[in-house]
Amino acid sequence: MTIPLTVSDLRQYEYCARIPYFTHVLGLQKRRPTTYKMEEGRLEHEHVNLLEERRSLRSYGLTRGERYFNVSLFSPVLQITGLLDMVIVTGDEVIPVEFKNDLHNRVGANHKRQLAAYSLLLEEKWQLPVNRAFVHFIPTRQSREVSLTQETKDQLLIQLNQLRVMLEREALPDATSKVGRCTDCEFRNFCPDIW
Ligand code: SF4
């Protein structure tokens, strides 16, 4: 049976392969309580939705399009679910938009992977091409365009397959080589080999 996954799993897999191992194989995420910071982030996203409804599409370089917020997505083909902050549908293309809390307007490799996953889910749902996305940064109120090429989508499918193989084997993967990511990681107590 195909292991059902989320877009967040793919983003986290790019960040550190151990995170989806901990959440899927050991079920650790299910025990995590909702923290004050998480609740604060949820409220902030709701506030941005209200602001975004009044914002002109011209800030995305568009003259027309319909906006949809908190869009639930599911691909029966890929067995992936996702919840996207915003979608713009122009009639000849669909554009995913993610809201992020980053003061430096950075789009990391894990976020690009996340947007590539959304692009596949949106193409399946709307039957329209997805060739680009936007990341809207909440603190600076600026947006950055991210190109979504066929190569990016093909890479995503390869990584999706690698992730499922790793989960089926149930073998602890290597820790991330970027040790700076471990400092604030909520799973660091489960990684004694990194200290
Ligand atoms: S502590 Fe480091 S190695 Fe362990 S899960 Fe977190 S990021 Fe990965």
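The values are calculated or read from the model by the stated rules, or taken from the named source; none is laboratory data. Just so we're clear, the structure is a prediction, and the values are computed from it rather than from any experiment. Positions of Cβ are generated from backbone atoms using ideal geometry, with glycine treated the same way; all protein chains shown enter the neighbour counts.
If I go through segment 81-128 residue by residue, how many of them are out of contact with any Lys or Arg (no Cβ under 7 Å at 6 or more places or on another chain) and among the polar types (S, T, N, Q)?
Residues that pass the stated criteria total 3.
Any residue that is modelled with pLDDT of 85 or more and of a type in the set (A, V, I, L, M, F, W, C) - is there at least one of those in segment 58-67?
yes
Restricted to segment 143-184, and to residues that are more than 26 Å from residue 97 (Cα to Cα) and surrounded by 14 or more Cβ atoms within 10 Å (Cβ to Cβ), which residue is farthest from the ligand (Cβ to nearest atom)?
164
Can you tell me which of (1) in contact with a strand residue (DSSP E or B) (Cβ under 6 Å, 6 or more places away or on another chain); (2) of a type in the set (A, V, I, L, M); (3) modelled with pLDDT of 95 or more is the one residue 167 doesn't meet?
(1)
Consider segment 48-82. How many of its residues are in contact with a helix residue (DSSP H, G or I) (Cβ under 8 Å, 6 or more places away or on another chain) and not in a loop (DSSP other than H, G, I, E, B)?
Adding up the residues that qualify gives 9.
Pairs please, first residue from segment 182-195 and more than 15 Å from residue 23 (Cβ to Cβ), second anywhere and outside any helix (DSSP H, G or I) and within 8 Å of the ligand (Cβ to nearest atom), Cβ atoms under 6 Å, 6+ apart in sequence or on different chains.
Cβ pairs passing all conditions: 194/175.
Quickly run through segment 185-195 and pick out the residues that are near the ligand (Cβ under 9 Å from one of its atoms) and assigned to a helix (DSSP H, G or I).
Within segment 185-195, 188, 189, 190, 193, 194 meet the criteria.
Could you tell me how many of the residues in segment 97-130 are over 22 Å from residue 77 (Cα atoms) and in contact with a strand residue (DSSP E or B) (Cβ under 6 Å, 6 or more places away or on another chain)?
The number of residues fulfilling the criteria is 7.
Within the group 140, 152, which residue is farther than 28 Å from residue 47 by Cα and of a type outside the set (Lys, Arg)?
Of the residues listed, the single one that is farther than 28 Å from residue 47 by Cα and of a type outside the set (Lys, Arg) is 152.
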